[in-house]
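Just so it is clear, none of the values below were taken in a lab; they were calculated from the coordinates. Please read these numbers as outputs of a predicted model, since none were measured by experiment. No Cβ is skipped: glycine too gets one built from the backbone with ideal geometry, and neighbour counts run over all protein chains shown.
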Amino acid sequence: MPSPDTAESFYRVRRLPPYVFAEVNALKAKLRAAGRDIIDFGMGNPDLPTPPHIVEKLRESVQDPKTHRYSVSRGVPGLRKALAGYYARRFGVEIDAEREAIVTLGSKEGLANLAQAITAPGDVILCPSPSYPIHAFGFIIAGAGVRQVPLLPLDGFRARLERAAAHSVPAPTALILNFPSNPTAQVVGLDFYAEMVDFARHAGLKILSDLAYSEIWFDGDPPPSILQVPGAKDIAVEFTSMSKTYSMPGWRIGFAAGNATLIAALARVKSYLDYGAFTPVQVAAAAALNGPQDCVEAARDTYRKRRDVLVKTFAEAGLHVPSPPATMFAWAPVPERFADLGSVAFSKLLMEKAGVAVAPGLGFGEHGDGHVRLALVENEQRIRQAARNLKRFLAEG
């Protein structure tokens, strides 16, 4: 039994394994403290500045003392209407701003609080693996059991879901989806979403879809929303975020839209936990959604250029990185000669020997081991320097 004087003595903390990324981050801090230059592709923390017109709207709004008071837990009406406008323009989906939309403190908070709202201890959730940690651990914190279903190859994913559902006791209550995917950068079309809605209907599941990377895409058509599928709003809710689209990660603004019952459940829980984001931040977020969108295209173009440089130079250095069609991430297999190390040990070796930090795939679930995730948050010059470091390391190794 854990000591009563440690954090692990508490039930919900005991359910959380050691945070894989903490081990790599500790090494990064140690090396930097020793004066090492670490080129950091580890955290998906956008380095692009928030567009000036959004910052200016924040500055303008914050001058009004009335905006310094408590805000609204569900989000100010103007921002919810702006979200509905975005869905109408981008996806052709009608969202009732009063009943089918809510503002969250980033999509991460929304996912975790909806898990709290709809989960009873012992419930079973279906979650793709690999996936962004909060997708599974939001439900684990809420007391659910999570059945991880291998995501790739995508062909056959429904069959694996059906098998998992058939062998889960009790029967699962929810399915989590995330496309474009963090960490794999996998994209899907409307046919895939239609198949997921059909599966969920037959299995009696709710769907939580994470669409945080809807605007960071490079190849083919823009990624769709699951809410474009006829009848999806009967069972699905979708989370989006300002963080990547508008380079606003520290502003902590996200949304949930879709099924009115799920939105109401999230609103009920949030009403006990927060008074909403700072009003000027919400006003600025509405200005972002309603205003000129050339800043989104500019960010997309920057990530595209970084992607192309990274894929090319890393390949020349000896590290194969499949070209991601979307997101601000690349998902690369650990080189065969290092495969026996696993993703965590390989990530640490890469940092020690090449000064390059990546995120170990194991941190995204058991089926992520054997890969590393690289975030496109270093400029092209730094990417080329990382490639030179890699080339020396791989030549010596």
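Considering all C-alpha pairs of the range 188-245, those separated by over 17 Å amount to 38%. Among Thr104, Thr184, Thr261, the residue with the largest mean-square fluctuation in a Gaussian network model of the chain, with springs joining Cα atoms closer than 10 Å, is Thr261. Projecting the Cα atoms of Pro133, Thr67, Leu83 onto the charge dipole of the range 16-134 (Cβ charges, centred on the Cα centre) puts Thr67 farthest toward the positive pole. With both residues required to sit in the range 176-271, DSSP beta bridges show an antiparallel share near 40%. Listed from fewest to most Cβ neighbours within 10 Å, the set Arg74, Arg59 follows the order Arg59, Arg74.
Neighbours of Trp217 by Cβ distance under 10 Å: Lys/Arg scored +1, Asp/Glu scored -1, total -1. Springs join every pair of Cα atoms under 10 Å in this Gaussian network model of the chain, and among Gly145, Gly220, Gly85 the largest mean-square fluctuation is at Gly220. Between Ala345, Ala260, Ala277, the residue with the greatest mean-square fluctuation in the GNM of the chain (Cα pairs under 10 Å linked by springs) is Ala345. Sorted ascending by nearby beta carbons within 10 Å, beginning with the fewest, Leu79, Leu266 become Leu266, Leu79.
For the range 1-109, taking the reciprocal of the average inverse distance between every pair of different Cα atoms yields a Kirkwood hydrodynamic radius of 19.3 Å. Working ranking of peptides 231-237, 176-182, 166-172 by packing, defined as the average number of other Cβ atoms within 10 Å per residue, highest first, is 176-182, 231-237, 166-172.
Placing a pseudo-label 7 Å from each Cα along the Cα-to-Cβ vector at Arg14 and Ala339 gives an inter-label distance of 3.9 nm. In angstrom, the C-alpha Rg and Dmax of the range 200-346 are 19.3, 54. When the alpha-carbon atoms of the range 80-221 are used, the pair Rg, Dmax equals 15.3, 42 angstrom. The translational diffusion coefficient of the range 83-135, from Stokes-Einstein at 4 °C and 1.567 mPa s with a Kirkwood hydrodynamic radius over alpha carbon pairs, comes to 97 µm²/s. Cα centroids of the range 88-111 and the range 167-195: how far apart, whole angstrom? Each part's Cα centre sits 19 Å from the other's.
Express the Stokes-Einstein translational diffusion coefficient of the chain in µm² s⁻¹, to the nearest whole number, given a Kirkwood radius over alpha-carbon pairs, 10 °C and a viscosity of 1.306 mPa s.
Values: Rh = 22.0 Å.
Estimated via Stokes-Einstein, D reaches 72 µm²/s.
So which chymotrypsin sites (Phe, Trp or Tyr not before Pro) in the range 260-336 end up in coil per DSSP with only 13 or fewer other C-beta atoms within 10 Å? Of the chymotrypsin sites (Phe, Trp or Tyr not before Pro), the ones in loops of the range 260-336 whose Cβ has at most 13 other Cβ atoms within 10 Å are Tyr275. The DSSP beta bridges internal to the chain are antiparallel in roughly 45% of cases.
Counted by neighbouring Cβ atoms within 10 Å, the residues Lys66, Lys30, Lys270 run from fewest to most as Lys66, Lys30, Lys270. Selection among Leu48, Gly35, Ser343 by position relative to the dipole of the chain gives Gly35 as farthest towards the positive end (Cβ unit charges, Cα centre).
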